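The values are calculated or read from the model by the stated rules, or taken from the named source; none is laboratory data. Predicted model only: the values in this text are computed from it and were never measured. All Cβ positions, even for glycine, are placed from backbone atoms using ideal geometry, and neighbour counts span all protein chains on display. To get the accessible areas, we keep the full protein, side chains included, count just its heavy atoms, and leave off ligands, DNA and RNA. Shrake-Rupley method; radii C 1.70, N 1.55, O 1.52, S 1.80 Å.
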Amino acid sequence: MRRNRGRETLLALVLLAPSLVVFGVFVFYPLVRTAWLGLHRNDFFGGNRTYVGWSQYGDVLTSDIFRDSLATTAMFALLTVPAGLVLGLGLAVLADKKLRGIGLFRTLFASTVATSVAVASLMFLVLFNPSIGVLTELLPFDVLKNPGLLNDPDTALVAVAVTTVWQNLGFTFVVISAGLQSLPRELHESAMIDGAGSLRRFAEITVPLLTPTLLFVVVVLTIGAFQTYGQIDLLTQGGPGDSTRVLVYSIYGRSSPIVNNEGVQ
């Protein structure tokens, strides 16, 4: 028994070795290296390195810029994750119906999977434009024309969130649709025979069985929200003011406050 376990363990390590090497080179080493470099102060070219310990991490974590960016990022996640999950689930449930022509709608719902962040951002940049945007003609809201959704500190983050939800909708729809396809139909048929309505079947059968898929979608969308950069850079550049300055843009943005004239802080 112990020999078999030893052989299985050895076989598992051999099979995992290629993946471990890839992760070690491209994930673990860069992570450790970055943490080590954070303990030093150096110039833009990596020279004049001086060990300063954890002081730089403390400066960042206690700064107003970090707290404001973290709050903005958390708000962005709250705007995008629940909305993206609900819309994706609703479209997936609708497309799961056996209706005539539903294949066309499935294709349309999943089409945003092939849309990049740059393309989606440029599309909504035109839609939100206060002069030529289609939304300014369709919706009777003054903020659409003056100053414009992307130019108003109260609506800019919401506008970027709408862009993100639309861009991620195809992914959410495809994943949840795959989860729905794997659910046993017999449970729904039994519930229908017992007289359960569609809403009750959805709440007591579909949602509980779909929980692992929904959790996966929530995790992926949350990670994406905290890594958001492209939409911010193309639509608002962190403005107006600092209303859309999320964490990643505070680090890598065109006017990043984390980098000063003396070097990397």
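Here is how the numbers come out for the structure above:
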item: Residue that is nearest to residue 155 (Cα to Cα), among those in region 225-252 that are open to solvent by 40 Å² or more (accessible area, probe 1.4 Å) and part of a helix (DSSP H, G or I); result: 234
item: Flag if residue 151 is out of contact with any His (no Cβ under 7 Å at 6 or more places or on another chain) and at pLDDT 85 or above; result: yes
item: Residues that are hydrophobic (A, V, I, L, M, F, W, C), in a helix (DSSP H, G or I) and either open to solvent by 70 Å² or more (accessible area, probe 1.4 Å) or free of Cβ contacts under 8 Å to residues at least 60 places away in the same chain (or both), drawn from region 122-154; result: 122, 123, 126, 127, 134, 135, 138, 143, 144, 149
item: Region 158-172, residues that are crowded, with 21+ Cβ neighbours inside 10 Å and over 14 Å from the mean Cα position of the chain (by Cα); result: 159
item: Every residue from region 179-202 that is among the aliphatic types (A, V, I, L, M) and open to solvent by less than 70 Å² (accessible area, probe 1.4 Å); result: 180, 183, 191, 196
